[in-house]
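Working notes for the structure below.
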2 protein chains.
Amino acid sequence: MARIVVKFGGTSVANVERIRQAARHVKREVDAGNEVAVVVSAMSGKTNELVGWVNEASKFHDAREYDAVVASGEQVTAGLMAIVLSEMGIQSRSFAGWQVPIYTDDAHGAARITGIEPSTLDERLCQGWVPVITGFQGVSPHQRITTLGRGGSDTSAVAVAAAVGADRCEIYTDVDGVYTTDPRIVPRARRLSKISFEEMLEMASLGAKVLMIRSVELAMAQKVRLVVRSSFDDPEAPQLAPDGTPGIPGTLVCDEDEIMEKQIVSGVTLAKSEAKITLRDVKDKPGVAAAIFGALADRSIVVDMIVQNVSDDGSVTDITFTVPDSEYEKAVDALENNDSIEYAKIVGSKGGAKISVIGVGMRSHAGVASSMFRALADKGINIQLITTSEIKTSVLIDDQYAELAVRALHTYYGLDKKDA
Amino acid sequence: MARIVVKFGGTSVANVERIRQAARHVKREVDAGNEVAVVVSAMSGKTNELVGWVNEASKFHDAREYDAVVASGEQVTAGLMAIVLSEMGIQSRSFAGWQVPIYTDDAHGAARITGIEPSTLDERLCQGWVPVITGFQGVSPHQRITTLGRGGSDTSAVAVAAAVGADRCEIYTDVDGVYTTDPRIVPRARRLSKISFEEMLEMASLGAKVLMIRSVELAMAQKVRLVVRSSFDDPEAPQLAPDGTPGIPGTLVCDEDEIMEKQIVSGVTLAKSEAKITLRDVKDKPGVAAAIFGALADRSIVVDMIVQNVSDDGSVTDITFTVPDSEYEKAVDALENNDSIEYAKIVGSKGGAKISVIGVGMRSHAGVASSMFRALADKGINIQLITTSEIKTSVLIDDQYAELAVRALHTYYGLDKKDA
């Protein structure tokens, strides 16, 4: 017997029929003797409708009222899910954030969970009930409804799982797991059985939009094992892990220690439409980088890669960074109109693609970066920028070689499906 | 300076533009130096949508979950109203039932308000804020969301007005007041400036569907002065009472003592499609009426008029009552298939119309009933049944004379508009 928290996203509860389908997954787990708590998002499209009304009411609305309006969407799904489960013979009760309670700070619209009172949920679970909890929301110290920001339901699920000491937290979504790379680019992409939290964090931030970074961070910190799986699977089918053995379908995101055979590289990710900007002959002194990136932050420009090399003689250096193509002109303008930054000239171009290889195995295997560069060179692809972290190596290349590069690296690191 | 509770129904908050229009009424009162609290219904159509989903989820749903889902509609309107008011420069904050709190019993779906904690609202009002409260709902002793049943928002408004000691409770709706009779039947129907609670109760139950009976009963018990007025009036127009003098437009529903010149008759109401059923030669003994109407109640048939005359010799009597035309066959069947009721035969027919004249002045004026019968006789209209209460006389006549009868009585009692 296990204690499980399952979370259904917006597309998995888009209408009553989908809610019924989701409930059958819950029933399977209950019938197997497990204790199950459910966390739900709003029906897909509902949150957008509510946000639309708020913006129509006023462009400059109070965030407290935004939250009061927008949080109603999950309340509806939670009640409907409890009704559907009850009809299946499962004792179920819905709980809004304030009823659990899920305590948050009062940063309305982007609140952080500060604690969850486990006793109400724990009592229901022990009595064989299935509590259904509204995701995405909590209650502030001032007894106002708060929301956690977009994608916050994943975070709610992880936090609930931590609070009730769940064995795992299953995130049901519209994909059936985490892949070695984007299957639309590489048909032979494989679904991973397991991936470490650290790898998942790098994958998520690099465009594998399966899980919100924030929920993975929380899961890592709270040691909550996550499972990413599809709500569109047949709920009554035998439970088979991706390798065909009996187990849990989908991808388990867990502590590195739980992964016996570590892949050197677990995945290859791609982010397109990156513009690079270089400041030539920047004065090499303390505070220069802060001035440059402060000027960009003031204009709300998100910077991705940053590269600074050592200067020849300690006087001047070059700094290069990337921003989305759409922010290129704005970024150049921000730098040109800032007197506190000294440099010789700005050069740059749009149309770059960032390719990254990720894997905890890199820590213990030398030569991953150099073999990556070699694999790209073999295809005649020029590398414009390189950045590395402990478990990731990223390069910027010309956009037009992006898919070719991903396929080449995917094959090179042995990630291709065996039977395809 | 007055303290006012204003309530907007579903059609008055059907979309953001309507909410803005409603908010302008609130602003006018605030600008006049009044303390204002707002009670709102769900956007029209929303409650039906939510109820539809609940029924789709399960025909046999838990009432607690029905309430959790359905109560979300008012939460949305309250937040949007607070946002719109804030944009107009009025400090405003929304409150769901559980945040006030509005305490109810746990009769989910049809809960009764047991008390309202006034301190939160009172504090806001004293500081010049406009609290916006979700109508139709409260919180049970078990911290579950409850709803008061359809039309419960009027009741919420009256209860809030009583709790905060408001000078009056203004119900904004899609009509501009209470009329002497249905203006579609009698174009010369007049809007009443004032009407007593007792008269309003008789008017409401007889088909003038402006206010829910329950809210009028509560207003009478709590001595909350009610104003019925239109949210579609120009919010910036000078406030004129129905007689054209400066004051509050609409109809004031208040204690009888507040009405100086009492009309003998304040209104004429009509209910069509009434079927009459007579049981001939019913044994005149204790328990007979209980057996008859118990049999009907068991089939959920709502009986309207009931007439029983004294028997000639104390042995048998005739009992006549009316039910909606649509229930006629069901009612006859219920009586014919009940062995405990002894009678000679059942006779009846559909297609009756009940005409009532209502007025607290009847108490002190003799002859209202007889003059009513005379007025109908002058038009050649035969009276089939007569029932009376302290402030109301009703007759059943043939459906085809219904409009003629209403117009005749309206004129006879001097209710016609002077200038029409």
In whole angstrom, how far apart do the alpha carbon centroids of segment A:6-22 and segment B:275-291 sit? 56
Would you report the distance distribution of C-alpha pairs in segment A:216-322 as whole percents per 10 angstrom bin, up to the bin with the largest distance? 10, 25, 20, 21, 16, 7, 2
Could you check which residue among A:Pro131, A:Pro101, A:Pro238 shows the biggest mean-square fluctuation in a GNM of chain A with a 10 Å Cα cutoff? A:Pro238
Given the whole protein assembly as supplied and a 1.4 Å probe, what does the accessible area of A:Asp284 come to in Å², nearest 10? 60
On average, how many beta carbons from a partner chain sit within 10 Å of the beta carbon of a residue in A:33-46? 0
Tell me which aspartates and glutamates have Cα within less than 18 Å of B:Lys350's Cα, excluding those fewer than 8 residues away on the same chain? B:Glu274, B:Asp304, B:Asp325, B:Glu327, B:Glu329, B:Asp333, B:Glu336, B:Asp398, B:Asp399, B:Glu403
Using only the alpha-carbon atoms, what does segment B:361-420 span along each of its principal axes? Please give whole angstrom values in decreasing order. 35, 31, 15
at B:Cys126 the sorted inter-copy label distances (label 7 Å from Cα on Cβ side), in nanometres, are 4.3
Only loop residues by DSSP count here, and only those with at most 11 other Cβ atoms within 10 Å; note down the GluC sites (Glu not before Pro) in segment B:213-301 that meet that. B:Glu236, B:Glu261
Let me check the size of segment A:181-241 from its C-alpha atoms; what are the radius of gyration and Dmax in Å? 13.2, 35
Please work out, to two decimal places, the log10 of the ratio I(q)/I(0) at q = 0.25, 0.27 Å⁻¹ from a Debye calculation in which every Cα of segment A:1-55 carries one identical scatterer. -0.92, -1.00
Considering the rotational relationship between chains A and B, which residue of chain A contributes the beta-carbon of minimal distance to the axis, and what is that distance to the nearest Å? A:Ser72, 2
List the distances, in nm to one decimal, from the label point of B:Glu390 to the label points of the same position in every other copy, shortest first, placing each label point 7 Å from Cα along the Cα-to-Cβ direction. 8.3
If a paramagnetic tag sat 7 Å from the Cα of B:Ala290 along the Cα-Cβ line, which residues of segment B:319-361 would have the backbone N under 15 Å from that point? B:340-341
Plugging the Kirkwood radius over Cα pairs into Stokes-Einstein for the protein assembly as shown, at a temperature of 10 °C and a viscosity of 1.306 mPa s, what D comes out in µm²/s? 50
To the nearest whole percent, what portion of all C-alpha pairs in segment B:143-217 is separated by more than 16 angstrom? 57
Placing each pseudo-label 7 Å from Cα in the direction of the beta carbon, B:Lys345 and B:Lys59 end up separated by a distance in nanometres of 4.0
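Any idea of the accessible area per residue across chain A, 1.4 Å probe, to the nearest Å²?
Details: 17420 Å² over 420 residues.
In whole numbers, chain A has 41 Å² accessible per residue.
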Overall Cα dimensions of segment A:3-257, principal axis frame, Å, largest first: 51, 42, 34
Rounded to a whole %, the carbon-and-sulfur portion of the accessible area of chain B at a 1.4 Å probe is 49
Might you report the magnitude of the Cβ-based charge dipole of chain B about its Cα centre, with Lys and Arg at +1 and Asp and Glu at -1, to the nearest 20 debye? 680
Ignore the peptide's own chain and count Cβ atoms of other chains within 10 Å of each Cβ in B:93-102; give me the average, rounded. 4
Given N residues in segment A:1-151, what is its alpha carbon radius of gyration divided by 2.2 N^0.38 Å? 1.05
Cα-based Rg then Dmax for segment A:267-412, in Å, read 16.3, 48
Loop trypsin sites (Lys or Arg not before Pro), segment A:216-284 (other Cβ atoms within 10 Å of the site Cβ: 11 or fewer; DSSP): A:Lys223
Per-residue accessible area for B:Ile319 at 1.4 Å probe radius, Å² rounded to 10? 0
Partner lysines for B:Lys285 [C-alpha distance under 26 Å; skip if fewer than 8 residues away on the same chain]: B:Lys276, B:Lys330, B:Lys345
Please give the average number of partner chain Cβ atoms lying within 10 Å of the Cβ of each residue in A:52-64, rounded to a whole number. 6
How far is B:Asp313 from itself in the other copies, in nm, if each label sits 7 Å out from Cα along the Cα-Cβ line, shortest first? 13.8
Just to be sure I understand the model, the point goes 7 Å from the Cα along the line to the Cβ. What's the resulting A:Met88 to B:Asp378 distance in nm? 7.2
How far apart, in nm, are two points set 7 Å out from the Cα along the Cα-to-Cβ line at A:Asp313 and at A:Arg28? 7.0
For a quick check of your reading of the filter: which trypsin sites (Lys or Arg not before Pro) in segment B:59-148 sit in a DSSP loop and have no more than 12 other Cβ atoms within 10 Å? B:Lys59
Between segment B:212-262 and segment B:166-187, how far is it from one alpha carbon centroid to the other, in angstrom? 9
Within segment A:252-270, backbone nitrogen closer than 15 Å to the virtual label 7 Å beyond the Cα of A:Lys223 toward Cβ: A:254-259
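The values are calculated or read from the model by the stated rules, or taken from the named source; none is laboratory data. Here the structure is a predicted model, which means the values were calculated and not measured. Glycine also receives a Cβ, built like all others from the backbone with ideal geometry; neighbour counts cover every protein chain displayed. Surface accessibility is based on the protein's heavy atoms, side chains included, excluding ligands, DNA and RNA. Shrake-Rupley method; radii C 1.70, N 1.55, O 1.52, S 1.80 Å.
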